[in-house]
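First comes the structure, then the notes that go with it.
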Amino acid sequence: MDMSNGGFWDKVAEILHLKDVPFMGVPDYMFSIEYWLGAIAASALAWQAITGLILLLYYQPSDAYDSTMAIIHNVPFGSILLSSHLYGAYIMILAVYIHGLEVFFRGAYKRPRGAQWVLGVLLFAMTLGAAFVGYSLTGDVLSADAVNVGRGILTALGLSSAIPILFGNGTQLDLFTRLLGWHIIIAAALILFFALHFYLAEQNGFMPDLKESNYRAPALLSRSDSRLKPWWPRNFIFMLAIVLLTWGIILLIPSVLAIPQVLSRVPILLSPYPGPSPTSPEASSVPAYPPWFFLFMYKMADMPFGLAMDTVMGMFIPLIILLLVPALDRSDALHPLDRPWITALFITGLTWVIELSVWSAIQPGVPVKMQWFAITIIPPVVISFGGIYAIRRVWFKVKGELSGSRNRGAGFRLSKGAALSLGYLTSILAIIAIVVSFFLNPIMDGPYVGVMWGTALISFAASLLAYFYVEYIQW
Amino acid sequence: MSGGNVNESRRNFLKAMVTIAGLSVLAGMLRGLEVLVPPEVSISGFPRLLLVDENGNPIKASSIPINGKQIALFPYPLDNEPNMLLALGDSSGSPVEVPPTTVIIPQNNVSYDFPGGVGPSKNIVAYSAICQHLGCTFPELTFYPPGVKAITANGPMDKVIHCSCHGSTYDPYRGGAVVTGPTVRPLPAVVLEWDSSTDELYAVKMIGPVIYGHPGYSSPTSQLVKNPTGDLTGGSPISGTSTIVKYYSNPAS
């Protein structure tokens, strides 16, 4: 293999027409994590699709719990497969949250990206939907609870005719067959919507630094911008590193948690494996938790307004507001302090989600009295709105002074020599981790193999990034 | 192309390192494809199972019809391994004793000892109902009783087990030995035990090549034919201490 410039990889690029890929290149400053949060969510989605399809080879709706546990105990690398599918979902949900917040605070939902935002909100809802159904597939005690709560919520909303559609005719076989079907249907729809979302993202282009558009929509990167460089190979290498880094994290975290000495101390909300079977004696010792990303909704269901109103307030109103954000805030102002009420509303909502989730984890299923509701729900509104409008007064004073061109990234810079050494080191670490993994048994040592693979992927992603930095970033 | 102060040879060395690391990680994680190999289902040894009818009543050896119009099938040792239970007779319907014999495997000339028929007339035998050639099962593979002739490579023949898929023919009177190809292996035999005090029958083990499709079936070594442990892998165990004999109409009668 010719490693010199213009050798092997140029041949590959030529054969696969990689130089003609119609994706947009970006300026150097965009090779920074905040521009790639969507890519992290998409990488997790890809991991979910791969591992989910493999899980289909083993999961049996007729024997949901036992076939799930058999994946962990009997299938080679099965414990990694199952636990990383769970944590892939967790990482995807986190990435979707952070991506959405970043997009919101940068004002990236404004024209011309309104449709992209709406698709993004739908993707968020579908991600949570797929996660709810997927979590119920294991047939453990928590999944049985989740399905029953789902039935209760539908009944309270007057939608009890939807119960057989979602959960089947009451037999266990129909329940799990449907859950599996819906999980795949939602996942397939998610991938389709993601494709549209991605297409719009490519067409609208990356959102440039706000200063470039003077904090006004539309913020667009001109295709004739001299800083844009071809997609191949720069974007490809960076993207590959992001994908592998995400996959490494998805492998590493649940594998560490699954190491026997650690597993016994992991709270059930974060356990990499399913809980006990609903028919086993241990089931009685498990509190009725939803998955962590629905904790806020679980607390909402304890509110003193009746289940129907609780659900409307906790789920439907927030979702509708999110969908309407581009219509509600039609100004051109991109800076969060120039659109104070919606910024304050978002901070309030985020605070509520965190507050309710923590509360729910501490006091699952404890009914809420009206005064408790007031104590938790009102202060974030006052503090957020008051705070944002107060900071805004300062912002007006300094706004003029800040709008001058400050040199971006003028702070600490890793020297290329140091990056080079880091690249050597992480390549070697990746190789060592992979070599170690070969000495581990695919069934008995699952968690340790996962730790080694996760380490190898993260190290290799780091060496790719080091190479990228040395080769392509100019300053 | 590059900025900064790193010379080209060091950059190329890094590129080589990163490429090697990438290929290592790829190779290491390709091992993960082993996830596609399903775990084996198997039992640890040949079970001793009583032959019963569909109501759970033991099959009486002396009441099995000789050259019956129907074929009796039972699974053994796993539930996806059907076998034919035959009470052999001559053209007048009298039982024919099946003597112990040595069966030779044409594939590799390995031989094994078939223990012969059991029951009051020593005419009861049982063979795998899965053809050793390409795995066709009953009703394609079936017993041609005296007077019903199969068209074989040796001409019309009765008193054989013949497979209509590709013409393999076996001799149930001689331990399931090969009469004509294309099969190169005899039919595996179920070793039966007859309890003379109760007239009940037990399946106790298999002998001969491993049953078609199970691990090692295509390489019958002299060790394996005496104890074809491959039969114990690749199917669900039969629960309980008995196996159910069911009757099917024989297309060759």
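All of the numbers you see were taken from the coordinates with simple rules; none came from a lab. Bear in mind that the values here come from a model prediction, so they are computed numbers and not experimental data. Positions of Cβ are generated from backbone atoms using ideal geometry, with glycine treated the same way; all protein chains shown enter the neighbour counts.
Annotations
- Mean separation of Cα pairs under 8 Å and 6 or more residues apart, divided by the residue count, gives chain B a relative contact order of 25 percent.
- Here each label is just a point 7 Å from Cα along the line to Cβ, and for B:Leu30 and A:Leu324 those points are 5.6 nm apart.
- Dipole of chain A [Lys/Arg +1, Asp/Glu -1 at C-beta], most positive-end residue of A:Ser224, A:Pro364, A:Thr51: A:Ser224
- Where labels lie 7 Å past Cα in the beta-carbon direction, separation of A:Ala13 and B:Ser249 in nm: 7.4
- Kyte-Doolittle mean at least -0.5, axial Cα span of 24 Å or more - DSSP H helices of chain A: A:37-55, A:78-105, A:114-136, A:172-204, A:234-258, A:340-362, A:370-402, A:416-437, A:446-472
- Neighbouring partner chain Cβ atoms per residue of A:71-81, average, 10 Å criterion: 3
- Efficiency of FRET from Cβ geometry, A:Asp209 and A:Ala46, R₀ 35 Å, rounded to 0.05: 0.80
- Charge dipole of the protein assembly as shown (Cα centre as origin; +1 on each Lys and Arg Cβ, -1 on each Asp and Glu Cβ, all else neutral): 2800 debye, rounded to the nearest 20.
- Under a Gaussian network description of chain B, with springs only between Cα atoms under 10 Å, the residue in B:Val98, B:Val41, B:Val204 that fluctuates furthest is B:Val41.
- Whole-Å distance, taken between Cα centres, linking region A:421-444 and region A:353-399: 46
- Note on A:Leu53 and B:Asn80: with the Förster distance fixed at 30 Å, the Cβ-Cβ geometry gives a FRET efficiency of about 0.65.
- The Cβ shell under 9 Å around B:Ala203 holds other residues with a net charge of +1, Lys and Arg each +1, Asp and Glu each -1.
- Using alpha-carbon coordinates, inclination of helix B:8-30 to the longest axis of chain B, degrees: 20
- When only the Cβ of Lys, Arg, Asp and Glu is charged (+1, +1, -1, -1), the dipole of region B:49-249 relative to its Cα centre reaches about 380 debye.
- Per-residue shielding of B:6-16, expressed as the average number of other chain Cβ atoms within 10 Å of the residue Cβ, stands at 5.
- Net charge of Cβ neighbours under 15 Å - reference A:Pro290; Lys, Arg +1; Asp, Glu -1: -2
- Report note on the peptides B:170-179, B:237-246: ranked by the mean count of other C-beta atoms within 10 Å, highest first, their order is B:170-179, B:237-246.
- Other residues whose C-beta falls under 15 angstrom from the C-beta of B:Pro75 contribute a net charge of -2, scoring Lys and Arg +1 and Asp and Glu -1.
- Using the Cβ-Cβ distance between B:Thr241 and B:Asn109 with R0 set to 41 Å, the FRET efficiency from 1/(1 + (r/R0)^6) comes to roughly 0.60.
- Other protein chain C-beta atoms within 10 Å of residue C-beta, averaged over A:417-424: 4.
- Distance from region B:4-65 to region A:231-270 (C-alpha centre basis), Å: 23
- Taking only the C-alpha atoms of chain B, Rg followed by Dmax gives 25.8, 102 Å.
- Expected 222 nm ellipticity per residue - DSSP helices of 4 or more, -39500 (n - 2.57), all of the protein assembly as shown, to 500: -15000 deg cm²/dmol
- Taking label points 7 Å from Cα along the Cα-to-Cβ direction, A:Ile184 and A:Ser62 give a separation of 1.6 nm.
- The length gained by stretching the chain between A:Leu263 and A:Val358 to full extension, at 0.36 nm per residue less their Cα-Cα distance, is 32.0 nm.
- Of the residues A:Phe238, A:His335, A:Ile434, the one whose Cα sits farthest toward the positive end of the charge dipole of chain A, with +1 on the Cβ of Lys and Arg and -1 on the Cβ of Asp and Glu, is A:His335.
- Furthest towards positive pole of dipole, B:Gly117, B:Thr101, B:Leu201, structure part chain B, Cβ charges: B:Thr101
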